[in-house]
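Q: Sharing a structure here in structure tokens format.
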Amino acid sequence: MIIIYFLYFIVAILVFSAAPSTPRGMYSTGLDILGILVFLAAFWHYNRVTFNRLRFRLNHDAITRTQAAKEYQTRINIHFIIAIVLFTLEIFAFDLKFFCLKLSAFGLYEFMGNLLGLTVLMLHLAMIWYWGFRNMGDVLELDDSAEKYIRSNIKFNLVIVIPWLMLSLLKDVLGLILPDIDMIMSAPGVQEIVFGLFLLLLILFAPMFITRLWDCEPLPPSPLRDKITAFCQSRGVKFRDVMSWNALGKGLVTAGVIGVAARFRYLMITPALMELLDEDEIMAVVSHEVGHAKKKHPILYVVFFMGGLFILSNYLMELLNDFFFTTSMGLKIITSSGGADSGQIQLIILPLFILLFVLYFRYIFAYFMRIFERQADIYCFESGIDPNHMIASFRKLKTRLGENGKKNWHHYTLSQRIDFVRKSMENPGVASRHNKKVKRAVITFIAFLALAITLFHTIYNGRSDLKRAVAFYEQRLDENPDNHALYAVLGEAYFQLKEWKEAKKAYEYSIGLNPHQPGVLNNFAWLLLTSEDETLRNPERALTLVKQSVQMEETIASMDTLAEAYYQNGMYMEAFRAAKRALQLATKNHENHSYYEGQLKKMKKALEERNKRT
């Protein structure tokens, strides 16, 4: 359950993070709010009807209690997926993210926006938990009340999203402290260093917060606790504490290890598991968890998860950019309707990214989870714990929890785990071969990860990609010389390559074919103002071009360009007003406005100096 919830929340975070922060303008504000409220009301009704129907079938003996429990968990998973789909529709169809950012305060735009977005998602999930408890709480002994059940579920799942919220808070605070944070972060390697330090701090200190959110308490002093502590010490594995894991109203029947460094690592055992097993069987479970720590599984999970996410987020974006900018089909999308629609491209890229992430998590990451679990099972042969106690604990868990006879996507079934431990007892070579298998798999994956990162930095650099794109655009222009949108994207590619004369020529061709392109007019004006080739600088023409752009469409970028054009033409009052408007637009749309504040200060200083002279 923990793993599948983790996957659901990661998908929701990806959707919210990647969504545009500006309104898409599909409906009016009133209709957007009404649409969100209708979705919430419909989801409330859906949960009420579905869980009521489940309880009705149980009350009329159409299903057994065991069947009802399994169906309840299935319904929870299905309703989670529906909630995320509705959340996604509310973001893209009804501008939910824009509203969340608009309500943000204290300059903490990203953090407050993410927090409000998370609140809306939790509202959907609270409906699931409320109606689930109302109908099945007494049967499944979920908690004392619906309120406590909802609160315990929220606390349980906050563990997944807190790193995301902390990272967004860090970015906002740095933006407030350092006005030039965007420039600093854009320097080579800075983002990687900052993220690496954040991840290191998170890995070290997050377990302390997680144990509190999961209602963990130190296991009371007892002979069993002393035995557990002595066993861990004998195996050379240290824990900060042994905890009673009381999450979800003490309804979990499991144990776990959280944390990488010994000083911040905890061994957690739920009360339900302590009640189910006898002392020898509990020690077998402890051996399993110590096996995870001894075999470095927690740190390997971090490496595999972050490494896989790195490869997907970098390679995938590069491959998709290659597709859109260097293939006929992708170029057709980009140049349709007069140019690229970033929202349209994002709507295509996001589902692909989520699909690949889910596939990676479901098959590759899950493969390592299964073999690590099996390796922890057979650690009893190294730790001196009687394997029969491990088998006995699995049998009791099987009786208590049941199983459908199929292999779980991230765990082997209890029957399969029993069989493997028994085979290892009969033939010691089985355990040895599995340990070697795990070692080979880990080495292979880490080698692949290192190779992939090396290739990424060697092959994928922006300049080579842009040069390939330029060659493709020019080839397409030979076939279609009157395509103004092709000239526009060619000009942008040349601009990025700092081939100023070629960029100027491409922009002029594009505007000559279609003068009603505000984005191209603005880009051309910016080139005439900022080109490193002084012979191409032309502030007067730039001012004319950007004025035409602003008349067609007032944007943050065009007002910033207008301010710079006025400034370079010595029209400081007009420059100040345009820069002020650019800052207002940036604030309204919750862009990082430190750059625009700097531009406004520059214009104000020039205006004050001129006034002093006159």
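The values are calculated or read from the model by the stated rules, or taken from the named source; none is laboratory data. These figures come from a predicted structure and were not determined experimentally. Because the Cβ atoms are built from the backbone with ideal geometry, glycine has one as well, and the counts that use them run over all protein chains shown.
Q: Name every residue in the range 509-530 that is surrounded by fewer than 19 Cβ atoms within 10 Å (Cβ to Cβ) and either modelled with pLDDT of 95 or more or farther than 22 Å from His484 by Cα (or both), in order of residue number.
A: Thr530
Q: Could you give every pair whose Cβ atoms fall below 9 Å, whose first residue belongs to the range 246-274 and is within 30 Å of Asp138 (Cα to Cα), and whose second residue is assigned to a strand (DSSP E or B) and among the polar types (S, T, N, Q), counting only separations of at least 6 or pairs across chains?
A: If the second residue must be assigned to a strand (DSSP E or B) and among the polar types (S, T, N, Q), the pairs left are Lys250/Ser244; Met268/Ser244; Ile269/Ser244; Thr270/Ser244; Pro271/Ser244; Met274/Ser244.
Q: Only helices (runs of 4 or more DSSP H) wholly contained in the range 53-148 count here; list those with 2 or more residues that are β-branched (Val, Ile, Thr), farther than 29 Å from Lys250 by Cβ and touching a helix residue (DSSP H, G or I) at 6+ places or on another chain (Cβ under 8 Å). Walk me through how you get there before you give the answer.
A: On the way: elements: 65-94, 96-102, 109-140.
Because the criterion is at least 2 residues that are β-branched (Val, Ile, Thr), farther than 29 Å from Lys250 by Cβ and touching a helix residue (DSSP H, G or I) at 6+ places or on another chain (Cβ under 8 Å), the helices (runs of 4 or more DSSP H) in the range 53-148 that meet it are 65-94.
Quick grid of which residues meet (1) buried (at least 16 other Cβ atoms within 10 Å of the Cβ); (2) among the hydrophobic types (A, V, I, L, M, F, W, C); (3) touching a Ser or Thr at 6+ places or on another chain (Cβ under 9 Å); (4) on the phi > 0 side of the Ramachandran plot:
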position	(1), (2), (3), (4)
Leu125	yes, yes, no, no
Ile128	yes, yes, no, no
Glu141	no, no, no, yes
Ile150	yes, yes, no, no
Phe156	yes, yes, no, no
Leu176	no, yes, yes, no
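Q: Tell me yes or no: at least one residue of the range 47-55 is within 24 Å of Ala586 (Cβ to Cβ) and surrounded by fewer than 19 Cβ atoms within 10 Å (Cβ to Cβ). Please lay out each step first, then the result.
A: Initially, the range 47-55 is screened for residues within 24 Å of Ala586 (Cβ to Cβ), giving none.
Among the residues of the range 47-55, not one is within 24 Å of Ala586 (Cβ to Cβ) and surrounded by fewer than 19 Cβ atoms within 10 Å (Cβ to Cβ), which makes the answer no.
Q: Please pick out the residue among Ala206, Ala247, Ala230, Ala255 that is surrounded by fewer than 15 Cβ atoms within 10 Å (Cβ to Cβ) and among the hydrophobic types (A, V, I, L, M, F, W, C). Show your work before the answer.
A: Numbers: Ala206 fails: surrounded by fewer than 15 Cβ atoms within 10 Å (Cβ to Cβ); Ala247 fails: surrounded by fewer than 15 Cβ atoms within 10 Å (Cβ to Cβ); Ala255 fails: surrounded by fewer than 15 Cβ atoms within 10 Å (Cβ to Cβ).
After applying the criteria, what remains is Ala230.
Q: Within the range 199-207, can one find any residue that is modelled with pLDDT of 75 or more and among the small types (Gly, Ala, Ser)?
A: At the first step, the residues of the range 199-207 found to be modelled with pLDDT of 75 or more are 200-207.
Now narrow it down to the ones that are among the small types (Gly, Ala, Ser): 206.
There is at least one residue in the range 199-207 that is modelled with pLDDT of 75 or more and among the small types (Gly, Ala, Ser).
Q: Just name the residue that is modelled with the lowest pLDDT out of those in the range 257-308 that are within 26 Å of the chain's Cα centre (by Cα), among the β-branched types (Val, Ile, Thr) and not in a helix (DSSP H, G or I).
A: Taking the candidates together, the pick is Val260.
Q: Determine whether the range 539-546 contains at least one residue that is of a type in the set (S, T, N, Q), assigned to a helix (DSSP H, G or I) and under 38 Å from the mean Cα position of the chain (by Cα).
A: We begin by selecting, within the range 539-546, every residue of a type in the set (S, T, N, Q); these are 544.
In the following step, the residues that additionally are assigned to a helix (DSSP H, G or I) were identified as 544.
If we keep only those that are under 38 Å from the mean Cα position of the chain (by Cα) too, we end up with none.
The answer is no; no qualifying residue exists.
Q: Shifting gears a bit: State all residues of the range 209-225 that are surrounded by fewer than 15 Cβ atoms within 10 Å (Cβ to Cβ), touching an Asp or Glu at 6+ places or on another chain (Cβ under 9 Å) and outside any helix (DSSP H, G or I); if no residue qualifies, say none.
A: Pro218 - this is the single residue of the range 209-225 that is surrounded by fewer than 15 Cβ atoms within 10 Å (Cβ to Cβ), touching an Asp or Glu at 6+ places or on another chain (Cβ under 9 Å) and outside any helix (DSSP H, G or I).
Q: Then there's this: I'd like the residue in the range 564-577 that is out of contact with any Asp or Glu (no Cβ under 8 Å at 6 or more places or on another chain) and hydrophobic (A, V, I, L, M, F, W, C) and, out of all such residues, is surrounded by the fewest Cβ atoms within 10 Å (Cβ to Cβ).
A: Keep residues of the range 564-577 that are out of contact with any Asp or Glu (no Cβ under 8 Å at 6 or more places or on another chain), which gives 564-565, 567-568, 570-574, 576-577.
If we keep only those that are hydrophobic (A, V, I, L, M, F, W, C) too, we end up with 565, 571, 573, 576.
On the way: Ala565: 26, Met571: 18, Met573: 13, Phe576: 22.
It comes out as Met573.
Q: Does any residue in the range 352-380 that is outside any helix (DSSP H, G or I) come within less than 8 Å, Cβ to Cβ, of a residue that is hydroxyl-bearing (Ser, Thr, Tyr) six or more places away or on a different chain, and which pairs are these?
A: Sorted first by the residue in the range 352-380, then by its partner, the pairs are Ile378/Ser424; Tyr379/Ser287.
Q: For Phe133, only one of the following conditions fails: (1) at pLDDT below 85; (2) surrounded by 16 or more Cβ atoms within 10 Å (Cβ to Cβ); (3) closer than 24 Å to Ala12 by Cα. What is its number?
A: Unmet for Phe133, out of (1) at pLDDT below 85; (2) surrounded by 16 or more Cβ atoms within 10 Å (Cβ to Cβ); (3) closer than 24 Å to Ala12 by Cα: (1).
Q: Right, something else. If you go through the range 504-519 one residue at a time, do you hit one that is in contact (Cβ under 8 Å) with a residue 60 or more places away in the chain, outside any helix (DSSP H, G or I) and not β-branched (Val, Ile, Thr)?
A: Of the residues in the range 504-519, the ones in contact (Cβ under 8 Å) with a residue 60 or more places away in the chain are 514, 517, 519.
Adding the requirement that they be outside any helix (DSSP H, G or I) leaves 514, 517.
Retained after the next criterion (residues that are not β-branched (Val, Ile, Thr)): 514, 517.
Yes, that holds for at least one residue.
Q: Give all pairs with beta carbons closer than 8 Å in which a residue from the range 440-463 that is at pLDDT below 70 meets a residue that is among the acidic types (Asp, Glu) and assigned to a helix (DSSP H, G or I); count only pairs at least 6 apart in sequence or on separate chains.
A: Between residues of the range 440-463 that are at pLDDT below 70 and residues that are among the acidic types (Asp, Glu) and assigned to a helix (DSSP H, G or I), the close pairs are Tyr460/Glu318.
Q: Does Ala12 fit the bill of being part of a loop (DSSP other than H, G, I, E, B) and under 30 Å from Gly251 (Cβ atoms)?
A: no
Q: Could you figure out which of (1) surrounded by 16 or more Cβ atoms within 10 Å (Cβ to Cβ); (2) over 20 Å from Ile177 (Cα atoms) isn't true of Glu553?
A: (1)
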